[in-house]
Amino acid sequence: MLLDTVKIYIAQLWILSFFVSSSPIKAQYVETIVSHPYIIDGLFLLNDTTIYTTPGAGRNITTLGIANPRKNGVFDPNGIPGFMGAINVAQFNDSTLIVPCFDDMTVKLYNQNSGQVSDVATNLDGPAGVAMDLGGNAYIANYGGPPSYAATTIHKILPNGRDFSFIDTSVFFQPQAIAIDSMGNLYMCNSGGGNMWKIDTATGSFNLFTNIMGARLANIAYRTKDSLFYVSSDDFSHKIYQVDLQGNVTLFAGSTPGGTDGPLSVATFTRPLGLHFSKTEDTLYLAEGAGRLRRIVLNPSSPPLSTWEPIQDDRWVTVRPNPVKKDLILDLKGFDKWESPRYRIYDFEDNIWFQSELRPGTNMLDVSLLRPGIYFVLVESKGLERILKFVKQ
């Protein structure tokens, strides 16, 4: 009995040492959710279940698009009518969205309960960016309408709907990207010139916060988890930058124009514009001027299935073919080690796509319904787990 106990203990130590020695992967991965010409500018993620997209200016498109973040490829480009060249979207209050509309120089409210669209501000100068402060006030960055495209103003809309010019200064040029940090400070980026300003919402005073050289800045998303701004740059650099609260700038993602999915280090973007984090801030959704809705997975949610480096050559499990188009074969070796084995197939966000029982030996799994990308298969039995990575073509 003592000898059996020692054997079990040694086996448990071996399994534990295997996982501890595995190095964690950087769970940063880019994938395209949907491509459509109506996806151009800002976006807003509501309750992690609905993504509102905007078609941008000068195209005579009068709708907001609606996508489902959990259903890749599902997109309604005509989801909500009643807008004219919508540039961005934010939550104005519990039941209302606020939408800057560049083409008719208005800011509109959309009541999610009644479906009514109404003007809350008119005769603005190219409204583009929008940010909400902790008191329910909306700040509208005016980019500038045709033909000059050279506005210098930020508008303010109170919770009761009253609106007025908040800041008008010649040092601002094409204000667009605008955001609030967790302390309630307002930040704005000039689209032209790469300047980022910090603004006191109580007094309207401002100072130059930092400059992102060579960038045409489009949108900002603030992430409280790391106290960083994520700033998109469209025409010039096709990159996304991180800016800390001291104004230090680092490159987060992007290089040459493109649409390559995959690990963040090699992914490419074309005119990244709209940015919005998921509720947990573990996924960054973005819209591109090239007409794509994409997401960057920063950290997988619990359970942390994909926090371990997947095994490529394992004594207990083999995955083939890899890449795979339809039938994935799992070979379980060492039959005496497996007792009622099960499997799960999941992605970088730990969405479980398939799970069921296995049998020792060879198992064939139909994965034809999976969209192309990288997936993981977790094979588990009592006291034994293995994680392997495969590519779905």
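Just so you know, all these numbers are worked out from the coordinates, no wet-lab data involved. It should be emphasised that the depicted structure is a prediction, and the values quoted were computed from it without experimental measurement. Here Cβ is always computed from backbone atoms with ideal geometry, including for glycine, and neighbour counts include all displayed protein chains.
Please go through the range 154-185 and pick out each residue that is of a type in the set (A, V, I, L, M, F, W, C), assigned to a strand (DSSP E or B) and free of Cβ contacts under 8 Å to residues at least 40 places away in the same chain.
To start, the set of residues in the range 154-185 that are of a type in the set (A, V, I, L, M, F, W, C) comprises 154, 157-158, 164, 166-167, 171-173, 177-180, 183.
Restricting the remaining residues to those that are assigned to a strand (DSSP E or B) gives 154, 157, 164, 166-167, 177-180.
Across the range 154-185, the qualifying residues are Phe164, Phe166, Ile167.
Taking interchain pairs and intrachain pairs at least six residues apart, which have beta carbon atoms under 9 angstrom, with the first residue in the range 257-271 and without any contact (Cβ under 8 Å) to a residue 24 or more places away in the chain and the second of a type in the set (Phe, Trp, Tyr) and loosely packed, with under 14 Cβ neighbours inside 10 Å?
Note: no pairs meet the criteria.
Step by step: first the residues of the range 214-234, then only those that are touching a residue at least 40 places away in the same chain (Cβ under 8 Å) and in contact with a Lys or Arg (Cβ under 7 Å, 6 or more places away or on another chain), then the one that is farthest from Gly194 (Cα to Cα). Which residue is that? Outline the logic, then answer.
Kept after step one, since they are touching a residue at least 40 places away in the same chain (Cβ under 8 Å), are these residues of the range 214-234: 217-225, 227, 229-232, 234.
Going one step further and asking which of them are in contact with a Lys or Arg (Cβ under 7 Å, 6 or more places away or on another chain), we end up with 230, 234.
Details: Tyr230: 14, Asp234: 11 Å.
If we take residues in the range 214-234 being touching a residue at least 40 places away in the same chain (Cβ under 8 Å) and in contact with a Lys or Arg (Cβ under 7 Å, 6 or more places away or on another chain), then Tyr230 is farthest from Gly194 (Cα to Cα).
Would you call Ile157 over 23 Å from the mean Cα position of the chain (by Cα) and surrounded by 20 or more Cβ atoms within 10 Å (Cβ to Cβ)?
Details: over 23 Å from the mean Cα position of the chain (by Cα): yes; surrounded by 20 or more Cβ atoms within 10 Å (Cβ to Cβ): yes.
Considered against the rule, which asks whether it is over 23 Å from the mean Cα position of the chain (by Cα) and surrounded by 20 or more Cβ atoms within 10 Å (Cβ to Cβ), Ile157 comes out as yes.
Return yes when Tyr143 is within 25 Å of Thr63 (Cβ to Cβ) and surrounded by 20 or more Cβ atoms within 10 Å (Cβ to Cβ) and no when it is not. If you could, list the steps in order and put the result at the bottom.
Values: within 25 Å of Thr63 (Cβ to Cβ): yes; surrounded by 20 or more Cβ atoms within 10 Å (Cβ to Cβ): yes.
It is true that Tyr143 is within 25 Å of Thr63 (Cβ to Cβ) and surrounded by 20 or more Cβ atoms within 10 Å (Cβ to Cβ).
Only residues that are part of a strand (DSSP E or B) and farther than 18 Å from Gln91 by Cβ: list them for the range 128-153, please. Reasoning before the result, please.
Quick first cut of the range 128-153, residues part of a strand (DSSP E or B) only: 128-132, 138-142, 153.
Across the range 128-153, the qualifying residues are Asn142, Thr153.
With respect to Gly204, is the statement that it is in contact with a Pro (Cβ under 6 Å, 6 or more places away or on another chain), part of a loop (DSSP other than H, G, I, E, B) and free of Cβ contacts under 8 Å to residues at least 60 places away in the same chain true? Outline the logic, then answer.
On the way: in contact with a Pro (Cβ under 6 Å, 6 or more places away or on another chain): no; part of a loop (DSSP other than H, G, I, E, B): yes; free of Cβ contacts under 8 Å to residues at least 60 places away in the same chain: yes.
Answer is no for this residue.
Can you find a residue that is crowded, with 21+ Cβ neighbours inside 10 Å, within 14 Å of the chain's Cα centre (by Cα) and assigned to a loop (DSSP other than H, G, I, E, B) anywhere in the range 268-285?
Yes; the residues of the range 268-285 include at least one that is crowded, with 21+ Cβ neighbours inside 10 Å, within 14 Å of the chain's Cα centre (by Cα) and assigned to a loop (DSSP other than H, G, I, E, B).
I'm checking my understanding of the structure. Among residues of the range 105-125 that are crowded, with 18+ Cβ neighbours inside 10 Å, without any contact (Cβ under 8 Å) to a residue 40 or more places away in the chain and not aliphatic (A, V, I, L, M), which one is nearest to Ser191 (Cα to Cα)?
Per the stated criteria, the residue is Asp125.
Please give the number of the condition Phe166 fails out of (1) surrounded by 17 or more Cβ atoms within 10 Å (Cβ to Cβ); (2) touching a Lys or Arg at 6+ places or on another chain (Cβ under 6 Å); (3) more than 22 Å from Leu97 (Cα to Cα); (4) aromatic (Phe, Trp, Tyr).
Going through (1) surrounded by 17 or more Cβ atoms within 10 Å (Cβ to Cβ); (2) touching a Lys or Arg at 6+ places or on another chain (Cβ under 6 Å); (3) more than 22 Å from Leu97 (Cα to Cα); (4) aromatic (Phe, Trp, Tyr) one by one, Phe166 breaks only (3).
Looking at the range 210-228, which of the residues that are among the small types (Gly, Ala, Ser) and in contact with a strand residue (DSSP E or B) (Cβ under 8 Å, 6 or more places away or on another chain) is farthest from Tyr285 (Cα to Cα)? Spell out the reasoning first.
Looking only at the range 210-228, we keep the residues that are among the small types (Gly, Ala, Ser), and these are 214-215, 218, 221, 227.
Retained after the next criterion (residues that are in contact with a strand residue (DSSP E or B) (Cβ under 8 Å, 6 or more places away or on another chain)): 215, 218, 221, 227.
Details: Ala215: 20, Ala218: 14, Ala221: 10, Ser227: 18 Å.
Only one residue fits best here, namely Ala215.
Anything in the range 225-277 that is among the polar types (S, T, N, Q), closer than 22 Å to Ile87 by Cβ and in contact with a Leu (Cβ under 7 Å, 6 or more places away or on another chain)? List them, or say none. Write out each step before concluding.
So the first thing to find is which residues in the range 225-277 are among the polar types (S, T, N, Q), and the list is 227, 232-233, 237, 242, 246, 248, 250, 255-256, 260, 265, 268, 270.
Pick out the ones that are also closer than 22 Å to Ile87 by Cβ and you get 232-233, 237, 270.
Passing the criteria: Ser232, Ser233.
Identify all residues within the range 234-249 that are under 24 Å from Lys279 (Cα atoms) and either more than 15 Å from the chain's Cα centre (by Cα) or basic (Lys, Arg) (or both); write none if there are none. Talk me through it step by step, then tell me what you get.
Narrowing the range 234-249 to residues under 24 Å from Lys279 (Cα atoms): 239-245.
Selection gives Lys239, Val243, Asp244, Leu245.
The conditions are (1) in a strand (DSSP E or B); (2) more than 24 Å from the chain's Cα centre (by Cα), and Ser114 fails exactly one of them. Which is it?
In the conditions (1) in a strand (DSSP E or B); (2) more than 24 Å from the chain's Cα centre (by Cα), Ser114 misses (1) alone.
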